[in-house]
Amino acid sequence: MRILAISGSLRTASGNSRLIEALPALVPPGVEVVIWRGLDTLPYFNPDLDGETPPTAVAELRRQVGLAHGLVICSPEYAHGVSGAMKNALDWLVSSLEFPAIPLALINAAPRAVHAIAHLRETLTTMSAAFVEAACVTVPLQGRDLSPAQIPEVPEVGGVLARAMADFCAALPALQAQRLFDNRS
Ligand SMILES: Cc1cc2nc3c(=O)[nH]c(=O)nc-3n(C[C@H](O)[C@H](O)[C@H](O)COP(=O)(O)O)c2cc1C
């Protein structure tokens, strides 16, 4: 199984990105985590650019979504909203054939960031993501200087994420079968 993981932060020392980087050590054996780091290579969303040949970075993002059995998103809150970089990526995916019904784990790395996660949930619901509720967790990572290698060692962060990823991966085969069925019918 292949999971695509995207951080909504462009910051070098990003906590959301460190959490995403920790995922390969937190998923069950046999599950591959592909981290997509191309958020800042996407142009600003413009439907005029979304013709027969979309921008290269957009095509690559859509290809990665199509290859993935599940998607993990972890994004910061800015001014009570979703990070612009993440929202831009989602706008490019709205019209993609690959996105609908993709199994989704929405991770919040900051308990106080309640607005962005609600906005993300609304947007992703509108885009027909298949939320795996057991895998949508909030962990208290913000303010802790944990490296990706240290995250699995901290029970309230790594332990919670490992359980979330186990539940996520357990749900993927049935959801993937449904996704393929939906896409063919
Ligand atoms: C311009 C700006 C606005 C922010 N607004 C909020 C906010 O509304 N709510 C919140 O919980 N955190 C807010 N934060 C804090 C960030 O969400 C926090 O620093 C987070 O760790 C950034 O994610 P990163 O570490 O992955 O880059 C803001 C930070 C910045 C720089």
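Scan (1) exposed (fewer than 15 other Cβ atoms within 10 Å of the Cβ); (2) not acidic (D, E); (3) not in a loop (DSSP other than H, G, I, E, B) for the single condition L90 breaks and write down its number.
So the condition that L90 fails would be (1).
If you take the residues of region 130-185 that are small (G, A, S) and in a loop (DSSP other than H, G, I, E, B), which of them is nearest to A25 (Cα to Cα)?
Among those that are small (G, A, S) and in a loop (DSSP other than H, G, I, E, B), it is A149.
So which residues in region 2-20 are near the ligand (Cβ under 7 Å from one of its atoms) and under 9 Å from the mean Cα position of the chain (by Cα), if there are any at all?
S7
List the pairs whose first member sits in region 36-57 and is outside any helix (DSSP H, G or I), whose second member is surrounded by fewer than 15 Cβ atoms within 10 Å (Cβ to Cβ) and at pLDDT 95 or above, and whose Cβ atoms are under 7 Å apart, counting only residues at least 6 apart or on separate chains?
If the second residue must be surrounded by fewer than 15 Cβ atoms within 10 Å (Cβ to Cβ) and at pLDDT 95 or above, the pairs left are P43/L49; P55/P43; P55/L49.
Can we say L141 is in contact (Cβ under 8 Å) with a residue 40 or more places away in the chain, more than 16 Å from the ligand (Cβ to nearest atom) and touching a helix residue (DSSP H, G or I) at 6+ places or on another chain (Cβ under 9 Å)?
Details: in contact (Cβ under 8 Å) with a residue 40 or more places away in the chain: yes; more than 16 Å from the ligand (Cβ to nearest atom): no; touching a helix residue (DSSP H, G or I) at 6+ places or on another chain (Cβ under 9 Å): yes.
So L141 does not fit the description; no.
In region 93-117, how many residues are more than 10 Å from the ligand (Cβ to nearest atom), over 14 Å from A135 (Cβ atoms) and in a loop (DSSP other than H, G, I, E, B)?
8
The values are calculated or read from the model by the stated rules, or taken from the named source; none is laboratory data. As the structure is a computational prediction, the values presented were derived from the model and not from experiment. Reconstructed Cβ throughout: ideal geometry from the backbone, glycine too, with neighbour counts over all protein chains shown.
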